[in-house]
Amino acid sequence: MPEKLTEEKSSLSLEELFTEDFLKEYTRFTSVEDMFKEGGFEIKSGDDFDKISKKEWNKFIKNNTKFKKWQDMLEKAVELKVLNQLQILL
């Protein structure tokens, strides 16, 4: 399981970003682990995640979530995380 997102700008783990509530709303999965397992992806590190074919991963995301590609899913999760953090601060 990747510890951190591979994006240099982020230090959030996939579990922190893709919460159970997010996954329930936008996918048919309840955890990141379930999503990887269902897709047949064995992910134990960030390096494993980086090795997944972008084309294969985007196809999986398109077929199993409400998003057309991984980048869209990632951006929505970040957006919701930021909004949630802002609400906490206010």
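Nothing in this text is a laboratory measurement; each read-out follows from the coordinates by a stated rule. From a predicted model like this one, the values you see are computed outputs, not experimental measurements. For neighbour counting, all protein chains shown are included, and Cβ atoms are generated from backbone atoms with ideal geometry for every residue, glycine included.
Table for the structure above
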| item | result |
| --- | --- |
| Fewest-first ranking of Ser53, Ser31, using other Cβ atoms within 10 Å as the exposure measure | Ser53, Ser31 |
| Simple Cβ-charge dipole of the stretch 12-90, Lys/Arg +1 and Asp/Glu -1, about Cα centre, in debye nearest 20 | 460 debye |
| Length gained when the stretch Gln71-Asp48 is fully extended (0.36 nm per residue, less Cα-Cα span) | 6.5 nm |
| Volume per residue that the Cα convex hull of the chain spans, once the total is divided by residue count, Å³ | 90 Å³ |
| Local electrostatic count, Glu33, Cβ distance below 12 Å [Lys/Arg +1, Asp/Glu -1] | -3 |
| Top positive-direction residue, dipole computed over the chain with Cβ charges, set Ser11, Phe22, Thr65 | Thr65 |
